[in-house]
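Structure first, commentary second.
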Amino acid sequence: MSYFTLSLTLIFVLIPLVLSKTFNLGLERDTLVATIRSIIQLLAVGYVLKFVFESDSLIYIFLMVTLMIVAATHNAQKKGAAIRGIVAKVAATLVFVEVLTQSILIGFNITPPTAQYIIPISGMVIGNSMVLSILFLNRFTAEVETHQDQTELILSLGGTPKQAIHRQLIQSIKASMIPTIESQKTVGLVQLPGMMSGQIIAGADPIQAVQFQLLIMFLLLTTAAVTSILLGFLSYPTLFNKRMQLMKS
Amino acid sequence: MSIQYKPAVHFNHVNYSAGDTHILKEITGSFPEGKIITLVGPSGAGKTTLLKLCNGLLSPDTGEIYVKDKPIDNIEPVELRRLVGMALQSAPMISGTVYDNLNLPLELQGKKLPEQDALAWLHDVGLEEQLISRNVKDLSGGQRQKVSIARTLVNKPEVLLLDEITSSLDRTSLKEIEELIVKINRKYGTTIIWITHNLQQAMEIGDYTWVMMAGEVIETGESELLVNPANDKVKRFVRGEAG
């Protein structure tokens, strides 16, 4: 695609701007800011990726993945402000998920250990893990608050914190995993995944694009399960003190 | 109150705050073993907080609490909560049947309540045996409270804490629960500490009464104290002029 052709795609920015102005939606400024930010951020990432791919240095790969984890942790931890030490717990979860998935991919020789594979796949894994963390933390804090009487009931009958919070924990883990599972049920029927569509547009063989997409989808299933379960089991003990009392947030 | 009985629970200069709110102030006193003690006072007096301190759902900021003469901090939380059982005001149930709820205290210990024992507990609290397999969603308010009490009794507590368990019941259920409380006390010798807003109930059922206001124990004594209180604030409360 030439830069002239790319500039024509700004028509798709012009349409919402005109609609916003016509219907007094007041979204012109936000739309412009979003457009400019996406152009700058993506171009910057493009040049950084070009540099990293060409250098193929492990240090740059490590730095890129670290940056992704730091940004994702910063974003996700806001939803779990009530949980003590949430930054460390989210960061530990993301690091674990990244190490686990890359170890399997590289260890079993599924993908080569090059920047071209590690960085995009890490981006998808860490991004998905971040969304999962946000979904989990949102639901878990709400569950704990709503079902405080159930928690107190179990504690007052001599149950442990783990027993007292078990139902809320399971509900939150399930709730955060369901969107990933559900979206995979309709994939190919309702929507074509972005990565696969991108490969096909770029001229790749559709079957090869599907194979990579399947790899990513299965990877995201593991990411979903490991993220919510690990974050859940790291988070719940901080809701209680040594005397097995539910601490007020 | 001059107590000639061994204390089941003893408070010594206990203070408790939540944030900036001083909920309990310098609470000192004993709940005599094997007796029914009613806690009365206006809403926000700190009665529920006091109950939660008795079974370690909360810990005091300062002061000491003794259960059966042992400092409460020296008793493992799980052991303490089985020794000092609590029936909560809302009678929360786990989803499932009446049996599932009666089995809960043992399930938490990795054990199973034999069905015969579950039926015996139902009988004990005056519920029909066929309720054993009923879904708890289909129980009346009175039945839920009885199941809640039976469930607490499965742990065979020596002290039973009751938090306004009759506040939302009709007259018939209320009378049944009152009789049940007396029966538990007489049959098992269980010490019962009971929060109630019903002063008539406090006088009729309680052996002793604590009157609490704004986080302080204002007057204690045999429950007849409510007929003719010594303290002016309590007099106004009994006449319905406070709280």
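Derivation of every value follows stated rules applied to the coordinates shown; laboratory data play no part. Because the structure is predicted, anything quoted here is derived from the model rather than measured. So basically every Cβ, Gly included, is an ideal-geometry build from the backbone, and we count neighbours across all protein chains shown.
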message = Can you divide the C-alpha Rg of chain A by 2.2 N^0.38 Å and report the result to two decimal places?
response = 1.21
key: Estimated distance in nm for a label pair at A:R37 and A:S55, the labels positioned 7 Å out from Cα along Cα-to-Cβ   = 2.7
query = Which whole-number percent gives the relative contact order of chain A, counting Cα pairs below 8 Å spaced six or more residues apart?
reply = 21
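What is the gain in length, in nm to one decimal, between A:S183 and A:F4 on full extension, counting 0.36 nm per residue of separation less the C-alpha to C-alpha distance?
Working it through step by step, the gained length comes to 60.8 nm.
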ask   = Going by average Cβ neighbours within 10 Å, how do the peptides B:114-122, B:47-55 rank, with the highest at the top?
value = B:47-55, B:114-122
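Suppose a student asked you for the relative contact order of chain B, using Cα pairs under 8 Å spaced at least 6 residues apart; what percent would you report?
28
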ask   = Under a point-charge model restricted to the Cβ atoms of Lys and Arg (+1) and Asp and Glu (-1), what is the dipole moment magnitude of region B:95-170 relative to its Cα centre, in debye to the nearest 20?
value = 180
inquiry  = Using DSSP to call loops (not H, G, I, E or B), can you name the chymotrypsin sites (Phe, Trp or Tyr not before Pro) in region A:43-104 whose Cβ has at most 12 other Cβ atoms within 10 angstrom?
reply    = none
Cα lying deepest toward the dipole's positive end in region A:38-117, options A:V99, A:F51, A:H74, charges on Cβ = A:H74
task = Compute the distance in nm between two label points, each set 7 Å from the Cα along the Cα-to-Cβ direction, one at B:E179 and one at B:A230.
result = 3.7
task = Take the cross-link list A:K242/B:K25; A:K89/A:K248; A:K242/B:K146 and give me the ones stretching past 28 Å between alpha-carbons.
result = A:K242/B:K146
message = Antiparallel versus total DSSP beta bridges in chain B: what percent is that, nearest 5?
response = 55
request  = May I ask you to work out the translational diffusion coefficient for the protein assembly as shown at 37 °C, viscosity 0.692 mPa s, via Stokes-Einstein with Rh from the Kirkwood sum over Cα pairs, reported in whole µm²/s?
outcome  = 121
ask   = Treating the beta-carbon of each Lys and Arg as +1 and of each Asp and Glu as -1, no other charges, what is the dipole magnitude of the protein assembly as shown about its Cα centre, to the nearest 20 debye?
value = 620
key: Rounded tilt (10° steps) of B:171-188 against the dominant C-alpha axis of chain B   = 90
request  = Could you work out the mean projected area of the convex hull around the alpha carbons of chain B, in square nanometres to one decimal?
outcome  = 13.2
ask   = So for region A:1-44, Kirkwood radius off the Cα pairs, Stokes-Einstein at 10 °C and 1.306 mPa s: how many µm² s⁻¹?
value = 141
task = Answer rounded, prolate or oblate for region A:1-119, using the Cα gyration tensor with square roots of eigenvalues a ≥ b ≥ c: rounded when a/c is under 1.5, else prolate when a/b is larger than b/c, else oblate.
result = oblate
query = Can you give me the relative contact order of region A:159-245 as a percent, contacts being Cα pairs under 8 Å and 6 or more apart?
reply = 49
task = With 10 Å bins from zero, work out the P(r) of region B:154-211 over every alpha carbon pair and list the percent per bin.
result = 21, 59, 19, 0
Chain B: angle of helix B:141-153 to the longest principal axis, Cα-based, in degrees nearest 10 = 90
ask   = If you place +1 on the Cβ of every Lys and Arg and -1 on the Cβ of every Asp and Glu, how big does the dipole about the Cα centre of region A:6-80 come out, in debye to the nearest 20?
value = 280
query = What helices does chain A have that are whole DSSP H segments, at least 20 Å long along their own axis by Cα, and with mean Kyte-Doolittle hydropathy of -1.0 or more?
reply = A:28-55, A:58-77, A:86-107, A:115-146, A:161-185, A:206-235
